1. In terms of the ratio Rg/(2.2 N^0.38 Å) built on C-alpha atoms, what value belongs to the stretch 60-161?
2. When Rg is the radius of gyration of the Cα atoms in the chain and Rh is its Kirkwood radius, what does Rg/Rh come to?
3. Give the peptides 356-362, 285-291 in descending order of average Cβ contacts within 10 Å, highest first.
4. Test of understanding: what is the full-extension gain from Lys393 to Val211, defined as 0.36 nm times their sequence separation minus their Cα-Cα distance?
5. Compute, for the chain, the length of the dipole vector about the Cα centre, with Cβ point charges of +1 (Lys, Arg) and -1 (Asp, Glu) only. Units Debye, rounded to 20.
6. What FRET efficiency do you get for Val169 and Ile382 if R0 is 35 Å and r is their Cβ-Cβ distance, rounded to the nearest 0.05?
7. Along the charge dipole of the chain, which of Ala158, Gly111, Gln250 sits closest to the positive end, that is, farthest toward it, with unit charges on the beta carbon of Lys, Arg, Asp and Glu (+1, +1, -1, -1)?
8. Please list, ordered by chain and number, the residues whose modelled amide H lies under 5 Å from the amide H of Gly104; skip anything fewer than 5 residues away on the same chain.
Amino acid sequence: MAARRRPAAAAAGGAPSQPPAAAAAPAEPTKELVLRPPNLGVAAVAMVAFLAPFSYLAFVHYPLGADLRLSILICGAMSLVGFFVALRLIPVAARYHLRRRMFGYDINKRGWPLGEIQVPEALGLVVGIVYLVIAILFQHFNYAADSMWLVEYNAALASVCFMILLGFVDDVLDVPWRVKLLLPTIAALPLLMAYAGGTSIIIPKPIAPYVGVAVLELGSLYKLFMLLLAVFCTNSINIHAGLNGLEVGQTVVIAAAVLIHNVMRIGSSKDIETQQAHEFSIYLVLPFLTTSLALLAFNWYPSSVFVGDTYTYFAGMALAVVGILGHFSETLLLFFLPQVLNFLCSVPQLFHFVPCPRHRLPRFDPQTGLLTGTKDGNLVNIFLRLFGRCSEKALCIRLLIFQGSVVRILLLAKIHAYRMVQMITGWRFFIRSLVQLGI
């Protein structure tokens with residue numbers, strides 16, 4: 001959720017009461033909302049930083065097929081169009097949201113003039129709609145009517161669409177937390193019904209003798225794991241929030257890591273089904289990354305729009321479906337390690353073992369413009385307690401650097417692990433050849 005507080009009328013569920021004289025008075029012309037220009041510099045830097053490694057791996061480092069490269073180029077071009085469309089539509093939607101009194105005030109700027117500005121909420125709705133349109137149109141260029149992946153592709157879009165709807169309902173109705181946990185469960189049903197992948201896990205060799213099997217078949221328990229993963233992804237982004245740019249920033253970092261992981265797996269794997277699963281994931285996550293960057297341009301400090309629960313739910317479900325249907329849900333969970341840590345630190349408050357305020361935000365000092373950590377158990381406040389007071393923008397950058405460092409270490413670990421496997425396999429082949437030659 002964003003660092004905001006709703007206006008009194010919205011919190012009470014109705015419009016403020018007016019005296020009869022005021023009701024009879026002629027309505028004053030409403031002022032059109034003029035948003036601050038989007039921070040295109042941040043979006044451009046992020047786009048280059050995240051898409052450059054992916055492009056290098058896909059078109060230079062790995063010898064991918066010409067058809068796959070053409071599909072990636074088409075998807076990339078459509079995704080870039082989605083970026084500019086979202087940039088154009090966000091200010092338009094913001095004006096409509098403001099007219100419908102869907103706005104809030106930035107709590108982390110209370111006491112400053114910026115803290116008194118009405119900030120439109122739930123602008124994640126625009127990004128979600130643009131994403132769905134791009135993903136649906138891409139089917140025409142890549143999947144035939146009888147493609148085996150078309151069922152899962154449409155199931156993924158159905159789950160994402162369902163989650164956008166339920167997230168927007170949450171933004172409008174402000175549903176309680178027990179209902180928030182139920183929403184992703186409902187939205188994940190199309191995904192679970194269409195899943196046709198494996199339901200087994202490979203046991204690490206050091207502990208395989210104790211388990212008794214090298215591959216453990218989980219059956220329905222694996223689908224339960226997928227359901228819990230979808231619920232976790234949506235809610236973990238929602239609770240790791242409260243700063244301008246943090247919700248969108250963390251999902252952009254994870255999406256970039258997913259893109260790089262996919263192309264690495266395609267380039268290193270010889271299994272056709274594995275390659276197709278990761279291609280499928282690329283086609284879904286690439287438009288998600290670019291449209292999210294458009295929203296980041298408006299949501300970066302100082303934010304001119306709030307993303308709302310619509311975006312956090314949409315983003316969590318989009319990442320969950322690419323991980324589940326791409327058959328790397330365990331790796332996806334590793335990319336969510338900062339969110340896992342934030343959730344574990346938040347458990348005492350989320351389950352009301354200790355008092356939990358509505359907004360677990362740091363204290364803002366309007367004299368200095370710095371944030372001070374409170375005793376609340378989330379990474380936002382833990383970072384402030386560990387590293388001292390800082391501005392909201394600096395704190396967001398620190399948290400995003402932490403997120404990026406985690407996924408970078410994981411990707412480097414996977415690269416080194418793959419090289420080790422190749423080296424061991426090469427030595428085994430060399431020794432086997434020597435034995436066969438009698439040397």
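1. Compactness ratio reported: 1.51.
2. That ratio equals 1.02.
3. Ranked by mean Cβ neighbours within 10 Å, highest first: 285-291, 356-362.
4. Gain on stretching Lys393 to Val211: 60.7 nm.
5. Dipole magnitude for the chain comes out near 1020 debye.
6. The computed FRET efficiency comes out at 0.65.
7. Gly111
8. Val119, Glu121
The values are calculated or read from the model by the stated rules, or taken from the named source; none is laboratory data. Everything quoted here is computed from the prediction, not taken from an experiment. Quick reminder, even Gly has a Cβ in these numbers, built from the backbone with ideal geometry, and neighbours come from all protein chains shown. Just the protein is used for accessible areas: all its heavy atoms, side chains included, with ligands, DNA and RNA removed. Shrake-Rupley method; radii C 1.70, N 1.55, O 1.52, S 1.80 Å.
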